[in-house]
Amino acid sequence: MSHVAIIGAGPAGLMAADVVSATGSVRVTLYERMPTVGRKFLMAGRGGLNLTHGENLEAFLERYGTRAPVLRAAIEAFPPAAVQAWCERLGQPTFVGSSGRVFPKAMKTSPLLRAWLKLLGEREVELRTRHQWCGWDDAGHLVFDTPAGRKTVEADAVVLALGGASWPGLGSDGRWAPVLQQAGIAVAPLVPSNCGFAISWSRVMRERFEGEPLKRIAITHANETVRGEAILTADGIEGGAIYALSGSIRDAILSSGEAEITIDLRPDVRNEIIKRALESGPGKQSFSSFIRKAAQLSPVAIGLLQEHAHAASLPLVKMDPPALAALIKALPLRLTGVAPIARAISSAGGIAFDEVQPDFMLARRPGVFVAGEMLDWEAPTGGYLLQACFSTGAAAGKGVIDWLARSAEASSP
């Protein structure tokens, strides 16, 4: 019986194990360097496990940007509807929220993960935790560091699903990258994705508004606009609308040292309407109270306007209604740094797709397949990250099955 080694017990590795073990004709061993499996998967469900998204497939694929063409076949073969059906089979029905995001009805990861591990156990998938993959020995065997010392493992096919480099304390630390580079495989540097950015706030801004949300805003960078929310941090800004633009913002900062975004503080109201509301003047009110009522702005939004005005040496009270309305509709913010990768939701970079065949096998390592965040792609939050991990894990698993069948056919008399 053929032996398949799957290294990494996150969503991609578990899905590969699911697909391969379903054949019932191979022995599958799942290796994980942490004491327990799916730690980052569990973390993803702390605020509600967003498995995938319910939008039409073409719009869905656009979320992967330039990597959509190389991910298309895998996602089409295991699309969002298949993820929902798979959950149902595990006894975890799903629902589509008002935003189109898909969640298990239990909302948490733990019931789904327990059901998944139970299924894999029933299929006799062996689990080996505390196994740190170190590469290959001269004979091509897998090498692991374990509590019992260094071990070698022989496998007929391998799936590498070791994750990216965000939240390293949960298991994905990117230590696999030098191993593959030494084997001659091109790996793009791992960088933060879905991350926050640094802003040099004034002391007043930082002390008064740290942790305050900016709701119902629109953020623009590089001619792309995203509606949503953001949160001010002590040293910058983060949140859903920022995460959706994080790739282009990050690249701009890494290239030139800074990036400028603009925030529309009232995206649902036209500039002309705001301007007319401001023309009445404050009367006996304080100017802050006047702006808050006339433009319907939150205190943190007014704080941002004042921060900008102070830096420009032009007090808000001296701005005429057209200029103030324009600032409310397009407030510039200068971002000067990228949050550390350890604090990012996900990472970009990884194994170049030029190194990977359509079945997700490494061209330089026949019989070795890759899946999940090890590959060089990124996507926003909203279900797109997990979907691509599930889909590439399923594709790698199918690739293993086909590879073993071809190998058996080639070796038969």
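Assorted remarks:
- Ascending count of other beta-carbon atoms within 10 Å, so fewest first, for C134, C195: C134, C195
- Pairs from K108/K329; K105/K293; K215/K275 whose Cα-Cα separation, in the structure shown, is over 31 Å: K108/K329; K105/K293
- Electrostatic dipole magnitude of the chain [Cβ: Lys, Arg +1; Asp, Glu -1; Cα centre; debye, to 20]: 1380
- Note on E76 and K105: the extension gain reaches 8.0 nm, defined as 0.36 nm multiplied by sequence separation minus the Cα-Cα distance.
- Length-normalised contact order for the range 1-158 - Cα pairs under 8 Å, 6+ apart - percent: 30
- Spherically averaged projected area in nm², based on the convex hull that wraps the Cα atoms of the range 197-338: 8.0
- Sites H308 and R206, calculated FRET efficiency, Cβ-Cβ separation with R0 22 Å, nearest 0.05: 0.90
- Given R0 = 51 Å, the distance between the Cβ atoms of S407 and T336 translates into a calculated FRET efficiency of 0.45.
- Helix axis angle, 384-411 relative to the chain longest principal axis, alpha carbon, degrees: 20
- Helix axis angle, 11-21 relative to the chain longest principal axis, alpha carbon, degrees: 30
- With contacts taken as Cα pairs under 8 Å and at least 6 residues apart, the chain reaches a relative contact order of 24 percent.
- Stretch gain in nm, segment R216-L57, where the contour uses 0.36 nm per residue and the Cα spacing is subtracted: 54.6 nm
- Helix 246-256 and the long axis of the chain differ in direction by around 80°, with both axes built from C-alpha atoms.
Only the coordinates and a few stated rules stand behind these numbers; no lab work does. Small disclaimer: the values here were computed from a predicted structure and weren't measured. Don't worry about glycine lacking a Cβ; one is built from the backbone with ideal geometry, like all the others, and counts go over all protein chains shown.
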